[in-house]
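Following: one structure in structure tokens, then a few remarks.
The values are calculated or read from the model by the stated rules, or taken from the named source; none is laboratory data. If you're wondering where the values come from, they're calculated on a predicted model, not measured in any experiment. Neighbour counts run over all protein chains shown; Cβ positions are idealised from the backbone, glycine included.
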Amino acid sequence: MNLSLFDRHGPTVQIPDATAATIGVFDGVHTGHQDLLRQLTASSGDLPTVAVALTAHPSYVLGQQSHDLWLDEADEHRTRLLAAGADYVAELPFTPEVASLSACTMVEALQQQLHLRCLLLGYDSRFGSRLHDDFPLLPSFAARCGITLISGTPFTFEGTAVSSSRIREALRRGEVSKAATLLGHPYSLAGRIVHGRATGRTLGFPTANIALDQSRKLWPAQGVYAVTLRTADRPDSPLPGMANLGAAPTFGIDKPLLEVYLLNFTGDLYGQTVSIDFLHRLRDTRHFATPEALQQQLNQDRDQCQAIFNQTL
């Protein structure tokens, strides 16, 4: 079981003499994960903290789901864990071989590699092979190894624990505002701006076409959204706009696209890698009888977007 270790400066091989850790997938590094890392810091005393992050969803590796869709990209994931309070991120490749390890064996390996002295388990955390299940023995095993074992408490919203699956459900319904509340930040997709069909320009709505082919992230439900666009050179100066995520049925295009119209913007963004934050869903994607009917609807969408940004920006 080999870990890849990172700190705020990038990859590292420097391990303190003793650490406090928590382990999980941490998909999205949502508000529940952020609270768990706060609990880890509060419980660790002066020990440096480590977030041991699995690099694949156990349910995907074990064949319980067919698609390994994430709420963040790998580099984004690592950055968010460090920003949430972890001193180190230890990425653990989750393979069938790792899945076959018992809980006690895994903790023993973590102790050897991370000099583990304190382990915080999430309120619903359970790891290790079901075939060689020794998870109930973990408290006594940890005590013999000199590891303090702590149970975390759940972080709730509207009376229910925040979870990655709950956020995925919200995104699949297009509820991006709710997803942002659960995540603690807007949900985003990143990609490179490429040349498109120029159809929007003929309607008075020139769009930036975003290539997302390499993304590992879950797409929100198809529809029209109020969004902001952030460029790499101006990450703290988002540009307001509206986006169509999905097909373009009026023009007979079935392949999903992400097209962004920027409000009150002139300039050339071709070739740049940008990030799109989804703020509010306006409506479903639908077929219009004529381009003119679509243009009329786009005017209404733009006015609605402008009203949203007038209230929030």
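Here are a few things to note about the model shown:
- Residue that is nearest to GLY191 (Cα to Cα) [pool: residues in region 268-278 that are hydrophobic (A, V, I, L, M, F, W, C) and at pLDDT 90 or above]: VAL274
- Pairs where the first residue, in region 110-137, is assigned by TED's automatic domain parsing to the domain that holds SER44 and of a type in the set (Phe, Trp, Tyr) and the second is outside any loop (DSSP other than H, G, I, E, B) and at pLDDT 85 or above, C-beta under 8 Å, 6+ apart: TYR123/SER151; TYR123/ALA161; PHE127/ILE23; PHE127/ALA103; PHE127/MET106; PHE135/ALA103
- Listed conditions (1) at pLDDT below 90; (2) in contact with an Asp or Glu (Cβ under 9 Å, 6 or more places away or on another chain); (3) not aliphatic (A, V, I, L, M) are all met by PHE265, apart from (2).
- Options VAL29, VAL61, VAL89, VAL98; residue that is buried (at least 20 other Cβ atoms within 10 Å of the Cβ), more than 14 Å from the chain's Cα centre (by Cα) and farther than 28 Å from SER140 by Cβ: VAL89
- Among the numbered conditions (1) modelled with pLDDT of 85 or more; (2) more than 22 Å from ALA179 (Cα to Cα); (3) surrounded by fewer than 16 Cβ atoms within 10 Å (Cβ to Cβ), the only one that SER66 does not meet is (1).
- Test: residue in region 76-84 that is under 18 Å from the mean Cα position of the chain (by Cα), of a type outside the set (A, V, I, L, M) and under 26 Å from SER129 (Cβ atoms): yes
- Within region 108-133, the only residue that satisfies the criterion of being polar (S, T, N, Q) and within 14 Å of ALA53 (Cα to Cα) is SER125.
- ILE308 vs. criteria part of a helix (DSSP H, G or I) and of a type in the set (Val, Ile, Thr): yes
- Within region 118-132, tally of residues that are at pLDDT below 95 and over 23 Å from the mean Cα position of the chain (by Cα): 5
- Options GLY45, GLY28; residue that is out of contact with any Lys or Arg (no Cβ under 6 Å at 6 or more places or on another chain), part of a loop (DSSP other than H, G, I, E, B) and at pLDDT 90 or above: GLY28
- Residue identified as among the small types (Gly, Ala, Ser) and modelled with pLDDT under 85 among GLY204, GLY223: GLY204
- Residue tally, condition closer than 27 Å to ALA109 by Cβ and either without any contact (Cβ under 8 Å) to a residue 40 or more places away in the chain or touching a His at 6+ places or on another chain (Cβ under 7 Å) (or both), over region 149-183: 3
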